[in-house]
Amino acid sequence: ETGVTQTPRHLVMGMTNKKSLKCEQHLGHNAMYWYKQSAKKPLELMFVYSLEERVENNSVPSRFSPECPNSSHLFLHLHTLQPEDSALYLCASSQDLRPYEQYFGPGTRLTVT
Amino acid sequence: RKEVEQDPGPFNVPEGATVAFNCTYSNSASQSFFWYRQDCRKEPKLLMSVYSSGNEDGRFTAQLNRASQYISLLIRDSKLSDSATYLCVVNARDDKIIFGKGTRLHILP
């Protein structure tokens, strides 16, 4: 498989559930990112990892917890989410840290009920 | 001034026409500029990087105007498949990447 993959593609969860989003990149990149895209809003950068080390956390609530076990994999652990967290969650990778071109996965469309 | 600003549109353009839109940025120290394309309910995809000298890729031309702090995207001979949202991306302070809200383009048959 090539590029950036994400699973699941769709997720519906209740506010008390715990779930995880998975991202895998097959591009040999060193940097990975989590973005949130809500309707009628620009992409919001959530987390940045470079060589498995978190280098940025943009004031994201603690109910979102990232994990980067190696340079090819990135997870976003979710717990006690709110309905306003419903959005498209996009993973991206780039050769190195910004400002290199980023390549996005297809996203996980999350609905919190 | 917002860090990255785009006209949200929509731009409704007949097939075959030429369309152009701009993106303004506030940080005069920005060095990297990109245009991404996002189809409805899909992920953004890199369309082209924008170089100081401008660059062209087929029907698409991107230009940078440092003096006025904007980048532009020109699409010639527009196709129905060009309908999408076009996102402007600029590196801002501390080398952060900032995405614009996007410009929606509808090509009309």
Would region B:57-78 turn up any residue that is facing chain A (nearest Cβ under 10 Å) and buried (at least 17 other Cβ atoms within 10 Å of the Cβ)? no
Reported set for region A:1-20 where residues are in a loop (DSSP other than H, G, I, E, B) and free of Cβ contacts under 8 Å to residues at least 60 places away in the same chain is A:Glu1, A:Thr2
Take region A:22-40 and flag every residue that is outside any strand (DSSP E or B), modelled with pLDDT of 90 or more and open to solvent by 30 Å² or more (accessible area, probe 1.4 Å). A:His26, A:Leu27, A:Gly28, A:Asn30
Looking at B:Arg1 and the list (1) open to solvent by 80 Å² or more (accessible area, probe 1.4 Å); (2) closer than 20 Å to A:Gly105 by Cβ, which single condition is not satisfied? (2)
With the requirement that a residue be of a type outside the set (A, V, I, L, M, F, W, C), assigned to a strand (DSSP E or B) and within 13 Å of another protein chain (Cβ to nearest Cβ), what does region A:41-55 give you? A:Glu44, A:Ser50
Any residue in region B:28-55 that's within 9 Å of chain A (Cβ to nearest Cβ) and open to solvent by 30 Å² or more (accessible area, probe 1.4 Å): show its pairings with residues that are modelled with pLDDT under 90 and part of a strand (DSSP E or B) at Cβ separation under 7 Å, as long as the two are six or more apart or on different chains. B:Gln31/B:Asn91
Flag for A:Leu110 being among the aliphatic types (A, V, I, L, M) and either at the interface with chain B (Cβ under 9 Å from one of its Cβ atoms) or in a loop (DSSP other than H, G, I, E, B) (or both): no
Do we have any residue at all in region A:56-65 that's charged (D, E, K, R), open to solvent by less than 30 Å² (accessible area, probe 1.4 Å) and touching a strand residue (DSSP E or B) at 6+ places or on another chain (Cβ under 9 Å)? yes
Any pair with Cβ under 8 angstrom, 6 or more apart, that starts in region A:76-90 at a residue that is closer than 13 Å to A:Cys23 by Cβ and within 14 Å of chain B (Cβ to nearest Cβ) and ends at one that is surrounded by 15 or more Cβ atoms within 10 Å (Cβ to Cβ) and among the aromatic types (Phe, Trp, Tyr): A:Tyr89/A:Trp34; A:Tyr89/A:Tyr35; A:Leu90/A:Trp34; A:Leu90/A:Tyr35; A:Leu90/A:Phe104
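The values are calculated or read from the model by the stated rules, or taken from the named source; none is laboratory data. If you're wondering where the values come from, they're calculated on a predicted model, not measured in any experiment. We place every Cβ from the backbone using ideal geometry, glycine too, and count neighbours over all the protein chains shown. These area figures cover heavy atoms from the full protein model, side chains too; ligands, DNA and RNA do not enter into them. Shrake-Rupley method; radii C 1.70, N 1.55, O 1.52, S 1.80 Å.
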